[in-house]
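One structure is given here, and the rest of the page talks about it.
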Amino acid sequence: MQKIQTDYLIVGAGLIGSAVAMGLTKLGVDRVMVVDLDLTGEWSSSELNAGGVRATWSQKVNLLTSKLSIEYFAQHASEVGYRDCGYLWLHKPETMNAALKAREMHVANGWPVDVLDVAALRSRFPFIDKTSDLAGAIFGVRDGLVNPNRLKEHYREQALKKGAQFHHNVWVCSSEDESSGSKKIKAFQFSSQLSPEHKKKLLCENPTTFTEGTETGEWIEIEAKHVVNAAGAWAPHLAQVLGYASPSVPVRRQISLFQTRDVDLTNYGMIIDPSGVYFHPESIYALSGFAIADEPAGFNFEYVADRFFEEHIWSHLHERSSAFESLKHVSGWAGLYENSPDHHAIVGRVNSGARSSNLFEAHSFSGHGAMQSYAVGIALAELMVKGRYETLDLSELSGDRFANGRTIASETWVI
C-alpha cells in the first residue's frame with residue numbers, strides 16, 4: 001500500500017476544493033493535496049450548473065461572500081469568462097417591498113442595484129411584454145455570468161503553480177484519528193480511466209470498500225495534518241467517513257436548453273421570473289432552470305427532457321412574453337444541489353469531538369458555490385493557517401449552528 005503524508009488534504013476538487021487549494025498556496029502552504037474521483041467533474045455540481053454569479057441576496061453574509069468573489073472574477077474576466085450582464089429580478093406587488101428593503105443593504109455595502117418600474121422594465125427589456133401582474137423589477141448591475149469550468153481551472157492553475165498536487169481517480173473509503181492529531185485516510189485509487197456510467201454508479205452508491213478483484217487499482221494511505229471536506233453533494237457521505245454527521249442532503253436540479261425564434265437574448269444576462277424560472281443566453285441557445293419544490297433528496301441524474309421543459313419552463317415563460325409562445329426544446333441535463341437545513345453554506349471548523357480541531361468543511365452551497373467560491377477559498381484558508389478569519393468573517397456559516405440553534409434566516413432571493 002502506498003503511503004503519503006501531507007499537511008493539508010482537500011477531498012473534492014470542484015470549484016470549492018480548488019479555490020481552497022489556491023487560498024492555501026497564496027498563504028505560502030506548500031504541502032497541499034487535493035483528491036477526487038474525477039478531476040474533470042463530469043457529474044459534479046461545478047460542471048452541471050447555470051454559471052450565474054450575483055451578490056443580490058437578502059442575507060448579508062451571502063452578499064459579502066459573493067461580492068468579494070465577483071470582484072475577483074472581474075479582475076480576471078477573460079480567464080474565467082465573467083460578464084457583468086446583470087441579474088434582472090421580476091417582482092409582483094407582494095414581493096416588491098422585500099426586494100426594495102434588500103436593495104438598501106446591497107447599496108449600503110457597495111453593490112449597485114437599479115430599481116425599474118414596469119414602464120422602465122418594458123423599455124429596457126422590450127420582449128418582456130406580459131407585465132400586468134408585475135410591480136416592477138430589481139436589476140443587479142454587476143451580477144452576471146461566469147464560465148464554471150474555466151473558473152475551476154483558473155483556481156487549479158494558481159494552486160499548481162505554487163506546489164499543490166491534484167490526484168485523479170481517488171475514492172476515500174475510511175479514516176481514523178492518529179494520536180498526533182492527524183487523520184489517516186484510506187482511499188482506493190483506480191488505475192484506469194473510468195467510464196461515465198462507472199463513475200455515476202460509484203457516485204450514486206457511495207461504497208466504503210471494494211471486493212478484491214472487482215476494481216483495478218491500488219489502496220493508498222494518506223496521513224494529513226488537516227483535512228477539508230469539500231465534496232459537494234457527497235459531503236454528507238464523506239462526513240460519515242471522516243467521523244462526524246452532516247445534516248445536508250443532495251437534491252436534483254434540472255436545466256434546459258431551448259431556441260428562441262422571435263427574440264435574440266445574446267445581450268441580456270440572467271432573468272428571474274416570479275414563478276422561480278430563470279433563464280439566460282447560452283451560446284446560440286437560452287438556458288433555463290427551475291427548482292421543483294417537492295423534489296426528493298437523493299443522487300438522481302435523470303433529465304426528464306420534454307416533460308420538465310413543458311411543465312416547468314415553457315408553461316411559465318409563455319405567460320411572460322409573447323416572444324416565448326413558440327420555443328424549441330433542444331436538450332438539458334440534471335445536476336445536484338447540496339442543501340443544508342436552512343439552505344445556507346456550511347463553512348469552517350468541524351466541532352464534533354476532541355480530535356476535530358484539524359477537520360474543516362466547505363459545502364452545502366445550495367447552488368451558489370460558483371459565485372461564492374473565491375471568498376470561501378480565501379477565508380477558509382486563513383482560518384486553517386492563521387486560526388482566524390481576516391479578509392471575511394464566515395463564522396456565521398459554521399456547521400455547529402444547527403446544534404446550537406443559530407440557523408440563518410431564509411433567503412428571499414432564491415433560484
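The values are calculated or read from the model by the stated rules, or taken from the named source; none is laboratory data. These figures come from a predicted structure and were not determined experimentally. With ideal geometry, Cβ positions are generated from the backbone for all residues, glycine too; neighbour counts draw on all protein chains shown.
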* Can you name the condition, by its number, that Asp400 falls short on among (1) over 22 Å from Leu336 (Cβ atoms); (2) at pLDDT 95 or above; (3) not polar (S, T, N, Q)? -> (2)
* Asked: What residue, of His329, His344, is part of a loop (DSSP other than H, G, I, E, B), at pLDDT 95 or above and on the phi < 0 side of the Ramachandran plot?
  -> His344
* Structure fact -> Going through region 271-296 in order, the residues found to be surrounded by 16 or more Cβ atoms within 10 Å (Cβ to Cβ) and farther than 21 Å from Lys328 by Cβ are Ile272, Pro274, Ala291
* **Unmet requirement for Ser123, which otherwise passes all of (1) of a type in the set (S, T, N, Q); (2) out of contact with any strand residue (DSSP E or B) (no Cβ under 8 Å at 6 or more places or on another chain); (3) in contact (Cβ under 8 Å) with a residue 40 or more places away in the chain** => (3)
* **helices (runs of 4 or more DSSP H) wholly inside region 8-120 containing at least 3 residues that are touching a residue at least 24 places away in the same chain (Cβ under 8 Å) and assigned by TED's automatic domain parsing to the domain that holds Ala370** => 15-26
* Would you mind telling me which numbered condition in (1) under 16 Å from the mean Cα position of the chain (by Cα); (2) at pLDDT 95 or above; (3) of a type outside the set (A, V, I, L, M) Gly367 fails? => (2)
* Selection from region 199-225 of residues that are charged (D, E, K, R) and touching a residue at least 24 places away in the same chain (Cβ under 8 Å) -> Lys199, Lys200, Glu215, Glu218, Glu221, Glu223, Lys225
* Asked: Looking at Phe258, Phe299, Phe279, which is the one that is at negative phi, of a type in the set (Phe, Trp, Tyr) and part of a loop (DSSP other than H, G, I, E, B)?
  -> Phe299
* Condition check for Ala135: within 26 Å of the chain's Cα centre (by Cα) and crowded, with 16+ Cβ neighbours inside 10 Å -> no
* To do: Take region 150-194 and flag every residue that is hydroxyl-bearing (Ser, Thr, Tyr) and either buried (at least 20 other Cβ atoms within 10 Å of the Cβ) or within 16 Å of Met33 (Cβ to Cβ) (or both).
  => Tyr155, Ser175, Ser182
* **Criterion (among the acidic types (Asp, Glu) and part of a helix (DSSP H, G or I)) met by exactly one of Glu197, Glu176** => Glu197
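Could you say which residue among Phe166, Phe127 is more than 20 Å from Asn62 (Cα to Cα), among the aromatic types (Phe, Trp, Tyr) and part of a loop (DSSP other than H, G, I, E, B)?
Details: Phe166 fails: part of a loop (DSSP other than H, G, I, E, B).
Going through Phe166, Phe127 in turn, just one is more than 20 Å from Asn62 (Cα to Cα), among the aromatic types (Phe, Trp, Tyr) and part of a loop (DSSP other than H, G, I, E, B): Phe127.
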* To do: May I ask you to verify whether Asp143 is buried (at least 17 other Cβ atoms within 10 Å of the Cβ), modelled with pLDDT of 95 or more and of a type in the set (Asp, Glu)?
  => yes
* Structure fact -> Note on region 151-162: residues over 16 Å from Asp84 (Cβ atoms) and either under 19 Å from the mean Cα position of the chain (by Cα) or modelled with pLDDT under 95 (or both) are Lys152, Glu153, His154, Tyr155, Arg156
* Asked: Residues of region 125-149 being among the aliphatic types (A, V, I, L, M) and within 30 Å of Val35 (Cα to Cα), which ones?
  -> Leu145, Val146
* So Phe360 clears everything in (1) in a strand (DSSP E or B); (2) modelled with pLDDT under 95 except one condition, right? Which one? -> (2)
